[in-house]
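Read the structure below first, then the notes.
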Amino acid sequence: MDQTDRTDHLDVESLRGETPGCANRVHLNNAGAGLLSRRTLETMTGHLELEAAIGGYEASAQEGERIEATYANIAELVGGGPDDVALFDNSSHAWSAAFSSLVFRPGDRILTGRAEYGSNVLSYLQVAERTGAEVVVVPNDESGRLDTAALAELIDERTRLVGVSHIPTSGGLVNPAAEIGRITRSAGVPYLLDATQTVGQLPVDVATIGCDLLTGTGRKFLRGPRGTGFLWVAPGILDRIEPSVIEIDTAAWDGARGYSWRPGARRFGTWEKSYSNVLGLSSAVRQALDLGVDRIARRAVALGAYLRERLDALPGVATYDLGVDRCAIVTCKVDGVATAEVGAALARHGVNVSLTVPEQTQFDAEDRGVHPLVRLSPHYYNTETELDKAVEVIAGVAREAG
């Protein structure tokens, strides 16, 4: 058993035995999609079987309490109450629902960081083009994190939103989310935090962070199914924002020519859902909570640090993760070898990774010009032996290039 197993008290071998994918591959692509546990898989297939047996509407009615528990589980994961959570078919739609609830006018400013996710950046640019708002990129500090001193200087009466990716898709950086929250709270500016790479990897507490809106996905470090996402909305901001989409499950008709919004965050959601996916998400969240997100984080971060140290020790290999506190995502490049070739070599040896591209983090690409990179993202069910295998493959590629 690895040293990290003993210190974090996770029964890794048992967890691996309950994860079918561990028998097939070395899965270091948890920042893309984590491996489903058997528990989650059986929850999903069980509901599909129920739908096939008695009908879709009837199955969701029968499982109503378990479906409702999904909101409570997510609320426990991030903070707040069940009514503060809305469900979506992915985190991009959740983020778009939050962003589009704000109204921008000429001269308004959107402040974001260099690590912002590519789809978010495109949304900022589209709104700026349509409305005359301005997108302001906050510089990094000397470590590569968003510079909170610069953020405080840039916020003014024209600032309509601060939107930040807590952890970028393209590296191990962890932005200072709570420090940003203290600044936005003091300024009275809405704060939208993209926690897509955070939930399931690191603890999240919206009260400590101080954000007004937070989005997450099920498919990454939470180990839930693809096609799941969620939005958390602070009750205090509801009177300042309005959903851009309305339907019969999000608002009530008054019987004449008017309507009222549904209380809480569920006014942002949609009526139709894949309840197999919803229950799978609930199962994955519950499993993370039962294991303890603090323990998960300690192990995941330790594995990331171990992998980063091993890679940095290889001749002709460099890692590119910014920040002071780094997470389990590790990015690297081999001198003189195309990143795609490194990824292909890992795949031939049964190691799952992914590659970064400039379009995923445009402002970071402008600043550093290092993409594409190989992205390796271990999770708590990975072992040091698996990480060693990935390092050996990359070392072999580097030797051949040298």
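Observations on the model:
- Subset tally (residues that are more than 17 Å from VAL174 (Cα to Cα) and surrounded by 20 or more Cβ atoms within 10 Å (Cβ to Cβ)) for the range 288-305: 1
- Any chance ALA252 is farther than 19 Å from GLY81 by Cβ and touching a strand residue (DSSP E or B) at 6+ places or on another chain (Cβ under 8 Å): yes
- Residue under evaluation CYS332, criteria (1) more than 27 Å from GLU142 (Cβ to Cβ); (2) part of a strand (DSSP E or B); (3) of a type outside the set (Ser, Thr, Tyr), criterion not met: (1)
- Against the numbered list (1) buried (at least 18 other Cβ atoms within 10 Å of the Cβ); (2) hydrophobic (A, V, I, L, M, F, W, C); (3) in the same structural domain as LEU122 (by TED's automatic domain parsing); (4) outside any helix (DSSP H, G or I), LEU10 comes up short only at (3).
- In the range 370-386, residue surrounded by the fewest Cβ atoms within 10 Å (Cβ to Cβ) [restricted to those that are assigned to a loop (DSSP other than H, G, I, E, B) and β-branched (Val, Ile, Thr)]: VAL370
- Among the conditions (1) outside any helix (DSSP H, G or I); (2) more than 30 Å from GLU13 (Cβ to Cβ); (3) in contact (Cβ under 8 Å) with a residue 60 or more places away in the chain, ALA318 misses just one, which is (3).
- All strands (runs of 3 or more DSSP E) inside the range 116-230 with 1 or more residues being among the hydrophobic types (A, V, I, L, M, F, W, C), out of contact with any Leu (no Cβ under 8 Å at 6 or more places or on another chain) and modelled with pLDDT under 95: none
- Some residue of the range 118-138 being within 24 Å of ALA234 (Cα to Cα) and in contact (Cβ under 8 Å) with a residue 40 or more places away in the chain: yes
- Unique match (being over 24 Å from HIS371 (Cβ atoms) and of a type in the set (D, E, K, R)) among ASP147, ASP108: ASP108
- Yes/no for ARG38 being assigned by TED's automatic domain parsing to the domain that holds LEU281 and basic (Lys, Arg): no
- Where GLN287 falls short, out of the listed (1) part of a loop (DSSP other than H, G, I, E, B); (2) touching a residue at least 24 places away in the same chain (Cβ under 8 Å): (1)
- Within the range 21-80, the set of residues being modelled with pLDDT under 95 and either loosely packed, with under 13 Cβ neighbours inside 10 Å or of a type in the set (Val, Ile, Thr) (or both) comprises ASN24 only.
The values are calculated or read from the model by the stated rules, or taken from the named source; none is laboratory data. These numbers come from a predicted model, not from an experiment. Note: ideal-geometry Cβ built from the backbone for every residue, glycine included; neighbour counts use all protein chains shown.
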